[in-house]
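Inspection log for the structure reproduced underneath, given as structure tokens.
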Protein chains: 2
Amino acid sequence: MEKLTPPTRLLLGPGPSNVSQRVLDAMHLPLIGHLDPAFLEIMDSVQVQLRKLFGTQNSFTLPLSATGSAGMEACFVNLLEAGDRVVVGVNGVFGTRMCEVARRCGAEVTAVEAEWGTPLDPAKMLAAIESTQPQVVAFVHAETSTGVCQPVEEITRGAKAAGALTILDCVTSLAGIPLHIDEWQVDAVYSGTQKCLSCPPGLSPVSFSPQALERVAQRKTPVQSWYLDTSLLGSYYGGGKRAYHHTAPISAIYAIYEGLRIVEEEGMDSRSERHYKAAEALIAGLEPLGLSPLVEKKFRLPMLTTVQLPEALQGDPEAALRGKLLKEFNIEVGGGLGALAGKVWRIGLMGENAKLEKVEQLISVLRKVL
Amino acid sequence: MEKLTPPTRLLLGPGPSNVSQRVLDAMHLPLIGHLDPAFLEIMDSVQVQLRKLFGTQNSFTLPLSATGSAGMEACFVNLLEAGDRVVVGVNGVFGTRMCEVARRCGAEVTAVEAEWGTPLDPAKMLAAIESTQPQVVAFVHAETSTGVCQPVEEITRGAKAAGALTILDCVTSLAGIPLHIDEWQVDAVYSGTQKCLSCPPGLSPVSFSPQALERVAQRKTPVQSWYLDTSLLGSYYGGGKRAYHHTAPISAIYAIYEGLRIVEEEGMDSRSERHYKAAEALIAGLEPLGLSPLVEKKFRLPMLTTVQLPEALQGDPEAALRGKLLKEFNIEVGGGLGALAGKVWRIGLMGENAKLEKVEQLISVLRKVL
């Protein structure tokens, strides 16, 4: 095996984003044991800070030892039992994936669709809730496949009024824009570390409300995943005896600790403003080049902008151009998924990369190659 | 949040073990995207090298994006369907956990028990296979809770002859002693990175035989875990198009790459010999102090030695002494689990730590405190 020499890239795709030097330095620290009192203190701080970022008092708030997709799975496998009904909003890849994960729990899934690039229609969600009386209502806050930011409260309020628990995907929104999951009445939320937290991928911050945990406690059947069972995870992360469940990924926890520390220093309001300003500058720079945003302004995510390519660039030329950006200029941008493949780019300005100089770097290269 | 300053410890428990400077340096490298051709090359090398370490030609050999416990879950959820029968060898925590995971798949579990600290009796396993005609037979190669190394082939040969697939836990054995899973007729195997590979915890190397994948392809029901479904994982790790499934944990893959590179440089024979020599020295140093091995010599793991404490040290004094070792001498050793709690220590000499100087460091401290 040869010496490891990865290239240095500017990561402007849908994640991972670039990691700050401070986070890399944290991962360079020597390991300690996962039951070492010194490590448990670090974990406690991570949990405290994640609660702030999610906007929650939920005691059960922790970084799951797997990526964001496992966070999604954790929410569904804990809250659903075979035969339960679930209403899922579907306007992109991650809503589609939610349906698949819910079906694997034996649930009856009602998918409420909206065109990719547009938000879910709350009225349609509420009508489906009304007609199916589901145990769970799930949708995506920040659709990484389209760049849509979904207004949350009208849907969650309706779901809770109908007695359902609510699941929200905040993979791309956490640490980029303020979250208020308690105020929003969200019962289970999951995220990732490789987006606006600017840490490496590998952990999934999650939070479960007391009502969600109560539902788990009253299950008739065991949670189908041992690894993701909240009642077992609580024995390690829940304070008190800190019993062994699995071995927490020490270095990844160091990384998220430092990532959270950077967020705390900056403050979430400034950080969010920085994300909005960078997105604005990006769009202002792209429009003269013939690249226009897919999503209506009101529903645009600041950390992920989906832009439509001119017809001449769609299909094979799109892939070639993206390859050229990567190979010749060391800049990664994301392609489209599903029906949007070959037609759009997804440009991420997340965490460390939500800065005007990164926008300028991209725009100046695009001016050359377009 | 305060600056992160974990203490420097000598990690002689059941894992994590200390990580070499080279592995820490690898994690310090800048991130690239999980679909970047440069990253896919790194992943390819990791997969090639893992095949060598497992002793397999299995194409489906990869580092799962979660810890070893998720590797266990991956083996069971892919190979079992509700109503299937499984025979599990139980002589420690991890055999017990296998039963729990298998039950969550809806399987009928036949547990074949042996006293903790002793190996499974192949004749009893074969009798259970004969009488229940199971779809799957599962047991642990290296029981991290007791230090027993289980002879594999008599059981796997019997299982295969009866038409069952075989699952083997190699969490603690991989990269410490040679594995030959093809020769041993093992169909699904899982491991961890934080033991003899001396990488941080967070990945689970797994390998599935073609026959195991064939069983997955013929399932009547979908795999209950989307995250761990081998047919979906194959689309990213399987070569060819490298489709997005989940975001691979870049920095952890850098770490395992370097960990595997170190193993390749040393050679598995020398590495294994180093583990045996260190264990021998450990036992020679402990016996004059009144600490004797729990496991009969023939069945002892070299990387994890379970020693019985004199009666006067059992119970509360055991925990106090272990705490003193950690706090005053920065040495971590593991306590006992289950019925062995308070009665034994588990001393790991894994990967980086399987060296005579580490043994001497521990023994000289124990001479002081005992």
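The values are calculated or read from the model by the stated rules, or taken from the named source; none is laboratory data. None of the values given here were measured: they were computed from a predicted structure. Please note: Cβ atoms are built from the backbone with ideal geometry, for glycine as well, and neighbour counts cover all protein chains shown.
Taken over segment B:201-242, the residue count meeting the criterion of being out of contact with any Leu (no Cβ under 8 Å at 6 or more places or on another chain), charged (D, E, K, R) and farther than 26 Å from B:Glu183 by Cβ is 4. Taking the criterion of being more than 7 Å from chain B (Cβ to nearest Cβ) and closer than 28 Å to B:Asn18 by Cβ, the residues of segment A:199-231 that qualify are A:Cys199, A:Leu203, A:Ser204, A:Pro205. For B:Val359, the test of being crowded, with 21+ Cβ neighbours inside 10 Å, touching a residue at least 24 places away in the same chain (Cβ under 8 Å), in a helix (DSSP H, G or I) and not small (Gly, Ala, Ser) is passed.
In segment B:17-31, which residues are at the interface with chain A (Cβ under 7 Å from one of its Cβ atoms) and either surrounded by 24 or more Cβ atoms within 10 Å (Cβ to Cβ) or within 22 Å of the chain's Cα centre (by Cα) (or both)?
B:Asn18, B:Val19, B:Leu24, B:Ala26, B:Met27, B:Leu31 - these are the residues of segment B:17-31 that are at the interface with chain A (Cβ under 7 Å from one of its Cβ atoms) and either surrounded by 24 or more Cβ atoms within 10 Å (Cβ to Cβ) or within 22 Å of the chain's Cα centre (by Cα) (or both).
Among the residues of this structure, B:Pro205 does not count as one that is outside the structural domain of B:Ala279 (by TED's automatic domain parsing) and assigned to a loop (DSSP other than H, G, I, E, B).
Only residues that are buried (at least 24 other Cβ atoms within 10 Å of the Cβ) and under 16 Å from B:Glu143 (Cβ atoms) were counted in segment B:70-91, giving 5. Just one of the listed residues (B:Gly158, B:Gly163) is of a type outside the set (Lys, Arg) and farther than 22 Å from B:Glu115 by Cβ, namely B:Gly163. Tell me, please, whether a residue that is within 14 Å of chain B (Cβ to nearest Cβ), outside any loop (DSSP other than H, G, I, E, B) and not polar (S, T, N, Q) can be found in segment A:182-192. Among the residues of segment A:182-192, at least one is within 14 Å of chain B (Cβ to nearest Cβ), outside any loop (DSSP other than H, G, I, E, B) and not polar (S, T, N, Q), which makes the answer yes. For a quick check of your reading of the model, give me the residue pairs whose first member lies in segment B:139-152 and is farther than 20 Å from B:Cys75 by Cα, whose second is buried (at least 24 other Cβ atoms within 10 Å of the Cβ) and aromatic (Phe, Trp, Tyr), with beta-carbon atoms closer than 6 Å and at least 6 apart or on different chains. Sorted first by the residue in segment B:139-152, then by its partner, the pairs are B:Thr146/B:Trp116. Note on segment A:158-208: among residues that are more than 24 Å from B:Ala248 (Cα to Cα) and in contact with a Phe, Trp or Tyr (Cβ under 6 Å, 6 or more places away or on another chain), the one that is surrounded by the most Cβ atoms within 10 Å (Cβ to Cβ) is A:Phe208.
Of the residues B:Asp84, B:Asp121, which is more than 30 Å from B:Ala255 (Cβ to Cβ), in the same structural domain as B:Phe139 (by TED's automatic domain parsing) and free of Cβ contacts under 8 Å to residues at least 12 places away in the same chain?
B:Asp121 is the lone residue from the list that is more than 30 Å from B:Ala255 (Cβ to Cβ), in the same structural domain as B:Phe139 (by TED's automatic domain parsing) and free of Cβ contacts under 8 Å to residues at least 12 places away in the same chain.
Here B:Gly342 passes the criteria (1) surrounded by fewer than 17 Cβ atoms within 10 Å (Cβ to Cβ); (2) modelled with pLDDT of 95 or more; (3) part of a helix (DSSP H, G or I) except the one numbered (3).
Answer yes if at least one residue in segment B:244-256 is at pLDDT 95 or above, surrounded by 24 or more Cβ atoms within 10 Å (Cβ to Cβ) and among the polar types (S, T, N, Q), and no otherwise. Checking segment B:244-256: at least one residue is at pLDDT 95 or above, surrounded by 24 or more Cβ atoms within 10 Å (Cβ to Cβ) and among the polar types (S, T, N, Q). Once segment B:305-339 is narrowed to residues that are within 14 Å of chain A (Cβ to nearest Cβ) and not in a helix (DSSP H, G or I), the residue that is surrounded by the fewest Cβ atoms within 10 Å (Cβ to Cβ) is B:Asn330. Note on segment A:48-64: residues that are over 15 Å from the mean Cα position of the chain (by Cα) and farther than 15 Å from A:Ser209 by Cβ total 3. Checked against (1) in contact (Cβ under 8 Å) with a residue 60 or more places away in the chain; (2) farther than 28 Å from A:Ala354 by Cβ; (3) more than 7 Å from chain B (Cβ to nearest Cβ), A:Pro37 meets all criteria but (1).
Check segment A:88-104 and report whether any residue there is over 29 Å from B:Leu11 (Cβ atoms), acidic (Asp, Glu) and in the same structural domain as A:Gly259 (by TED's automatic domain parsing).
yes
For segment A:166-189, the tally of residues that are closer than 21 Å to A:Thr306 by Cα and polar (S, T, N, Q) stands at 2. Let me spell it out: the conditions are (1) surrounded by fewer than 22 Cβ atoms within 10 Å (Cβ to Cβ); (2) assigned to a helix (DSSP H, G or I); (3) touching a residue at least 12 places away in the same chain (Cβ under 8 Å); (4) of a type outside the set (S, T, N, Q), and A:Val48 meets all of them except one. Which number is the exception? The failed condition is (3). Please verify whether segment A:226-233 includes one or more residues that are surrounded by 20 or more Cβ atoms within 10 Å (Cβ to Cβ) and polar (S, T, N, Q). Taking every residue of segment A:226-233 in turn, at least one turns out to be surrounded by 20 or more Cβ atoms within 10 Å (Cβ to Cβ) and polar (S, T, N, Q). Taking the criterion of being buried (at least 24 other Cβ atoms within 10 Å of the Cβ) and facing chain A (nearest Cβ under 8 Å), the residues of segment B:4-16 that qualify are B:Leu11, B:Gly13, B:Gly15, B:Pro16. Checked against the criterion of being surrounded by fewer than 15 Cβ atoms within 10 Å (Cβ to Cβ), without any contact (Cβ under 8 Å) to a residue 24 or more places away in the chain, farther than 22 Å from B:Arg51 by Cβ and not hydrophobic (A, V, I, L, M, F, W, C), the candidates B:Glu265, B:Glu280, B:Glu287 yield just one match: B:Glu287. Within the span defined as segment B:274-291, every residue fails to be in a loop (DSSP other than H, G, I, E, B) and in the same structural domain as B:Pro119 (by TED's automatic domain parsing).
Take the conditions (1) within 30 Å of B:Ile32 (Cβ to Cβ); (2) among the acidic types (Asp, Glu); (3) over 10 Å from the mean Cα position of the chain (by Cα); A:Glu154 misses just one of them, which is (1). Annotation: of all residues in segment A:97-120 being within 14 Å of chain B (Cβ to nearest Cβ) and closer than 20 Å to A:Cys149 by Cβ, the one that is surrounded by the fewest Cβ atoms within 10 Å (Cβ to Cβ) is A:Arg97.
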